[in-house]
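See structure below.
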Amino acid sequence: MSGEGAEDIKKHVKVYLIVFAALAALTIVTVGISYLHLPTHWAILFALLVATVKGSLVACYFMHLISERKVIYWILLICVFFFAVLLWAPVVTSSM
Amino acid sequence: MEIPYAVHPHPITGVPNGKLGVWLFLASEVMLFGALFSALILLRVGAEHWPHGTEAGLSIPLATINTMVLITSSVTMVMAWASLKMNQYGKFQLYLTLTILLAFVFLVIKYFEYTDKFHHHHYPSTDTFYATYFTMTGLHGLHVVGGIVVNSYLLLTAGGAWKRDPDRLANRIEYAGLYWHFVDLVWIFLFPILYLL
């Protein structure tokens, strides 16, 4: 992102505002779903799904991951792998 | 002594050293919060009863307002960076100041939440739910404080930095922004997991 000119940045500003509106709307959706009192597994699924979409918007557009260099993707890929191990290994082994 | 590749990309990595450093730091932060999320899942799965946020006395309206506050602060943070890239120093100051103020608003709301819990004699030692609630929101709150410190320092020293090297200042704001957006991202997951489920 560092090599872009003022005109490119102006276009980005419009995207930031659209993402902001989407994040606000999705927050309302998250809260709305919680008031539906769905069965626990559906409630967890929908809440995490919306949170993942919101998180992806923040990461892709505010953190500029959508146009980042390879080295950053590699760091995140390794990170995601170990994060997945951290989350799933205890759950899987706890039922052994 | 001049720090190498503070503005221009390093020929091997393709990014300035500062950005690489911040992403490595954020990767370690993912593991820190990941360990806590993992612990939360284990404790919740193993618990005979896990209270819903409202059942435990958590305020969804306050947490929703705080979510909106953090999202807005993420926008003002990225706008601060964009303003610098468009050579609008005055707007940069305005947006970064707004980011810091919104961070304070978040902490003030959190303060009211915490005092309400203490008033009802809910402490980290009360039960497993409150232990995880205070640990995770407390650690996140400390990160918000860290963001305030970093952003305030950058705002106070920006005048000189802007005159000396505007590109370098823009990069610093981008890196501080990466950290701040990460803090927002963690809250995006904490909010439903602790309050809504």
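A:T30 meets the conditions (1) surrounded by fewer than 19 Cβ atoms within 10 Å (Cβ to Cβ); (2) among the polar types (S, T, N, Q); (3) modelled with pLDDT of 90 or more in every case but one. The failed one is (1). Scanning segment A:1-25 for residues that are within 9 Å of chain B (Cβ to nearest Cβ) and under 19 Å from the mean Cα position of the chain (by Cα) yields A:H12, A:Y16, A:L17, A:V19, A:F20, A:L23, A:A24. Restricting attention to segment A:9-19, the residues that are open to solvent by less than 60 Å² (accessible area, probe 1.4 Å) and not β-branched (V, I, T) total 2.
Selection of first residues in segment A:8-23 that are more than 16 Å from A:S56 (Cα to Cα) and of second residues that are of a type in the set (A, V, I, L, M, F, W, C) and assigned to a helix (DSSP H, G or I), restricted to Cβ pairs under 6 Å at least 6 apart or on distinct chains, gives the following pairs, ordered by first then second residue: A:I9/B:A82; A:V13/B:A82. For segment A:77-90, name all the residues that are facing another protein chain (nearest Cβ under 7 Å) and open to solvent by less than 70 Å² (accessible area, probe 1.4 Å). Residues satisfying the conditions are A:C79, A:F83, A:L86, A:L87, A:P90.
For segment B:2-38, filtering for residues that are more than 8 Å from chain A (Cβ to nearest Cβ) and closer than 30 Å to A:Y35 by Cα leaves 2. Among the residues of segment B:147-192, those that are open to solvent by 30 Å² or more (accessible area, probe 1.4 Å) and hydrophobic (A, V, I, L, M, F, W, C) comprise B:V149, B:V150, B:L155, B:L156, B:W162, B:L185, B:F189.
Do any residues in segment B:1-25 that are in contact (Cβ under 8 Å) with a residue 24 or more places away in the chain have Cβ atoms under 6 Å from those of residues that are hydroxyl-bearing (S, T, Y) and open to solvent by less than 70 Å² (accessible area, probe 1.4 Å), where the two are at least six apart or on different chains, and which pairs are they? If the second residue must be hydroxyl-bearing (S, T, Y) and open to solvent by less than 70 Å² (accessible area, probe 1.4 Å), the pairs left are B:G18/B:Y175; B:V22/B:Y175.
Among the residues of segment B:91-145, those that are surrounded by 15 or more Cβ atoms within 10 Å (Cβ to Cβ) and outside any helix (DSSP H, G or I) comprise B:H122, B:T126, B:D127. Inspect all residues belonging to segment B:182-193 and state whether any of them is among the aromatic types (F, W, Y) and away from chain A (no Cβ under 14 Å). The answer is no; no qualifying residue exists.
Among the conditions (1) without any contact (Cβ under 8 Å) to a residue 60 or more places away in the chain; (2) farther than 20 Å from A:V58 by Cα; (3) within 17 Å of the chain's Cα centre (by Cα), B:M31 misses just one, which is (2).
So that you can scan it fast, the table gives a plain yes or no per residue for (1) modelled with pLDDT of 95 or more; (2) within 21 Å of A:V15 (Cβ to Cβ):
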residue	(1), (2)
B:E55	no, no
B:L62	yes, no
B:N66	yes, no
B:V69	yes, no
B:S73	yes, yes
B:A80	yes, yes
B:Q88	yes, yes
B:Q93	yes, no
B:L96	yes, yes
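Being of a type in the set (V, I, T), open to solvent by 50 Å² or more (accessible area, probe 1.4 Å), in contact (Cβ under 8 Å) with a residue 24 or more places away in the chain and part of a helix (DSSP H, G or I) holds for only one residue in B:I41, B:I65, and it is B:I65.
Only one of the numbered conditions (1) touching a residue at least 60 places away in the same chain (Cβ under 8 Å); (2) touching a helix residue (DSSP H, G or I) at 6+ places or on another chain (Cβ under 7 Å) is not met by B:H52, and that is (2).
Selection over segment B:84-118 of residues that are of a type in the set (S, T, N, Q) and in contact with a Leu (Cβ under 8 Å, 6 or more places away or on another chain) gives a count of 2. In this structure, does B:T64 turn out to be facing chain A (nearest Cβ under 9 Å) and among the polar types (S, T, N, Q)? Yes; evaluated as a whole, the condition is true for this residue.
Only a single item in (1) within 14 Å of chain A (Cβ to nearest Cβ); (2) outside any helix (DSSP H, G or I); (3) β-branched (V, I, T) is not met by B:V75, and it is number (2).
The values are calculated or read from the model by the stated rules, or taken from the named source; none is laboratory data. These numbers were taken from a predicted model, which means no experiment stands behind them. Note: ideal-geometry Cβ built from the backbone for every residue, glycine included; neighbour counts use all protein chains shown. For accessibility, only protein heavy atoms count, side chains too; no ligands or nucleic acids. Shrake-Rupley method; radii C 1.70, N 1.55, O 1.52, S 1.80 Å.
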